[in-house]
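The values are calculated or read from the model by the stated rules, or taken from the named source; none is laboratory data. From a predicted model like this one, the values you see are computed outputs, not experimental measurements. Heads up, the Cβs are rebuilt from the backbone with ideal geometry, glycines too, and the neighbour counts pull from every protein chain shown.
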Amino acid sequence: MPRSNRPRRAGSANSKWTRGAETPELDLERARAGIARRENAPDGDWYVRTMTAKNAEKNYVCPGCSMAILPGTAHLVVWSASHLLGDAAGLSERRHWHNKCWTGRTYRYR
């Protein structure tokens, strides 16, 4: 017998969407952290993503002050939006900055 291409009803026993099934709670902090915003500055266009303390798991060196960004420290991930070789090359050259170092930079870093 040929198989029907008609979708099944939402209340059927074989459906993965059954009544009473609970949806997982959304972690808003984690959802907001994954979105990059675009910033325009005299030294070019930049994508800036916030890295929360919860998601920071590795050691990094801030290019603004040359100090370590330790695991568990909130910081920014920054990459060029106007890279000469395209967005993929800009993303591969991303850097991790302290929040204060990024906002107080003198636009000499690239």
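Within the range 55-110, being surrounded by 15 or more Cβ atoms within 10 Å (Cβ to Cβ), part of a loop (DSSP other than H, G, I, E, B) and of a type in the set (A, V, I, L, M) holds for A56, A74, A81. Check whether at least one residue in the range 91-103 is modelled with pLDDT of 75 or more and on the phi > 0 side of the Ramachandran plot, and report yes or no. Within the range 91-103, not a single residue is modelled with pLDDT of 75 or more and on the phi > 0 side of the Ramachandran plot.
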